[in-house]
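The block underneath contains the structure these notes are about, expressed in structure tokens.
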Amino acid sequence: MIRTTPFHPRLSELSTTGLWSHWAGYLSAQKYDMSAKHEYFGIRNSAGFFDSSPLYKYWVRGRDAERFLAGVLARDVRTCRPGRAQYTIWCDDAGFLLEDGVVFRYSENEFMLTAAEPNLGYLRDLVGRLDVEVVDVSQEYGVLAVQGPRSREILARLSPDVAALPYFGHTQTKVGAASVTVSRTGFTGDLGYEILVPAADALPVLDAVIEAGTPYGMRPFGEQALLMARIEAGLLLVDVDFSSSRYAWTDHDRVTPVELGLRWMLRGIDDPERPFVGRTALRAEIAGGTSRWATVGIVVDWQDWDRVWTRAGLVPPKDETPLDYESMLYDADGGRVGYATSFMYSPVLQRHIGIARVRPDHGAVGSTVGLEVTVNHQYETVAAQVARLPLFNPERKTA
């Protein structure tokens with residue numbers, strides 16, 4: 001059964017393409033315009049809105065809610081104050097990543113956790129004797145992301161509380177007559193917000209946002225524009241940049257937080273009072289230096305890119321559509337040293353860029369790797385430099 005989100009009746013009217021994909025059993029727009037680049041520039045130059053409603057949403061409530069989440073999540077949720085949110089991850093016993101998501105703290109004993117994949121059974125199985133309940137409210141709320149440099153101005157017209165909201169802060173406020181939660185979060189690497197709204201109030205809230213954003217040229221954007229923005233921002237995507245350990249067939253498809261560049265989340269890992277799932281294995285990995293990979297950004301040498309294509313009698317392509325397959329990386333001797341998990345031509349950076357997994361000895365910023373491309377049905381390599389993520393990181397994102 002294919003479901004539609006609470007915003008779908010209005011969004012379907014705005015779509016000129018009728019192109020929809022499936023996300024967690026819901027219809028999700030691929031793009032509203034014939035060119036996703038137009039939607040992308042809406043995000044980067046003014047503002048755009050995206051329907052994130054298919055995310056799974058779980059209330060975690062009770063006297064032991066903090067203790068429970070501190071034992072499940074690899075990032076220490078105890079440092080998250082009410083009114084704040086954290087990007088977070090959770091792992092299996094072997095230290096491999098299960099999934100990532102965002103946890104919102106509403107009060108001392110009340111949290112909401114969002115995720116791209118279903119986790120209700122997994123979370124409930126870990127409750128044990130703790131005084132905590134995990135409630136799936138995925139269908140009870142819509143989530144509307146409003147992203148871009150003008151997003152603050154637009155939403156402040158609807159709710160003055162938004163103007164002072166800090167990065168990864170959230171507030172309970174009103175849009176018109178609807179009670180909503182607005183958080184300064186998103187998946188574009190830009191200034192942006194997300195509105196959590198009860199499903200029954202979704203359309204009036206969306207209409208109010210559209211009306212407020214129309215003078216700014218705000219437009220809807222679909223998954224393709226979102227994928228473009230998140231690659232520039234170095235934001236990892238499940239089933240693209242990593243596979244959930246839950247569904248992987250072998251350890252070749254599994255990855256640890258350290259290997260994904262998320263070691264910064266593991267601050268306090270030596271605290272014996274927080275034996276979270278996977279802690280022992282991750283401490284051993286860190287102590288032994290046994291990480292197989294480093295996750296980095298790559299930026300292609302544009303002159304070398306042009307040389308390879310021009311030599312073949314072709315116009316060098318500048319395609320912003322993210323590739324949906326891995327591109328191999330090689331050292332100077334032709335040995336394979338890793339692979340790009342995401343790759344595209346960035347319109348704002350005007351470079352071919354990617355997110356890549358390389359052997360740790362090739363992970364230093366400035367290192368050169370050879371990216372495999374196919375030209376006239378033959379494999380070629382073009383030079384690329386290892387770079388620090390994120391590749392696009394405007395000050396406005398956190399200002």
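The values are calculated or read from the model by the stated rules, or taken from the named source; none is laboratory data. Nothing here was measured: the structure is a model prediction, and the numbers come from that model. In this analysis, Cβ positions are derived from the backbone assuming ideal geometry, glycine residues included, and neighbour counts consider all displayed protein chains. We work out accessible area using only protein heavy atoms, side chains counted, and drop any ligands, DNA or RNA first. Shrake-Rupley method; radii C 1.70, N 1.55, O 1.52, S 1.80 Å.
Quick notes
- Meets criteria (outside the structural domain of Leu389 (by TED's automatic domain parsing) and either modelled with pLDDT of 95 or more or closer than 28 Å to Glu232 by Cβ (or both)) for Met265: yes
- Residue within the stretch 219-227 that is within 19 Å of Gly42 (Cβ to Cβ), at pLDDT 95 or above and of a type in the set (Asp, Glu) present: yes
- Within the stretch 1-12, being under 24 Å from Ser151 (Cβ atoms), outside any loop (DSSP other than H, G, I, E, B) and either of a type in the set (Lys, Arg) or open to solvent by less than 40 Å² (accessible area, probe 1.4 Å) (or both) holds for His8, Arg10, Leu11.
- Test set (1) in the same structural domain as Arg152 (by TED's automatic domain parsing); (2) within 18 Å of Arg230 (Cα to Cα); (3) at pLDDT 95 or above - Ser35 fails condition number: (3)
- The set of residues in the stretch 364-386 being open to solvent by less than 20 Å² (accessible area, probe 1.4 Å) and in contact with a strand residue (DSSP E or B) (Cβ under 6 Å, 6 or more places away or on another chain) consists of Val369, Gly370, Leu371, Val373, Val382, Ala384, Val386.
- Hey, Ala212 in the same structural domain as Phe49 (by TED's automatic domain parsing), over 27 Å from Pro394 (Cβ atoms) and among the aliphatic types (A, V, I, L, M) or not: no
- Scanning the stretch 112-135 for residues that are in a strand (DSSP E or B) and surrounded by fewer than 16 Cβ atoms within 10 Å (Cβ to Cβ) returns Glu133, Val135.
- For Arg311, the stated conditions hold: it is of a type in the set (Lys, Arg) and over 20 Å from Leu389 (Cα atoms).
- Picking from residues in the stretch 268-302 that are modelled with pLDDT of 95 or more and among the basic types (Lys, Arg), the one that is farthest from Thr368 (Cα to Cα) is Arg279.
- Filtered residue count, the stretch 100-111, keeping only those that are open to solvent by 30 Å² or more (accessible area, probe 1.4 Å) and over 15 Å from Gln172 (Cβ atoms): 2
- Among the residues here, Pro390 does not qualify as of a type outside the set (D, E, K, R), under 30 Å from Val162 (Cβ atoms) and surrounded by fewer than 17 Cβ atoms within 10 Å (Cβ to Cβ).
- In summary, strands (runs of 3 or more DSSP E) completely within the stretch 13-99 and bearing 2 or more residues that are open to solvent by less than 40 Å² (accessible area, probe 1.4 Å), under 20 Å from Asp136 (Cα atoms) and in contact (Cβ under 8 Å) with a residue 24 or more places away in the chain occur at 56-61, 85-91.
- Gln172 within 21 Å of the chain's Cα centre (by Cα) and either at pLDDT 95 or above or not aliphatic (A, V, I, L, M) (or both): no
- Gly363 vs. criteria out of contact with any His (no Cβ under 9 Å at 6 or more places or on another chain), at positive phi and not assigned by TED's automatic domain parsing to the domain that holds Leu260: no
- Conditions (1) under 30 Å from Tyr32 (Cβ atoms); (2) open to solvent by 10 Å² or more (accessible area, probe 1.4 Å); (3) out of contact with any helix residue (DSSP H, G or I) (no Cβ under 6 Å at 6 or more places or on another chain); (4) of a type in the set (S, T, N, Q): number failed by Thr250: (1)
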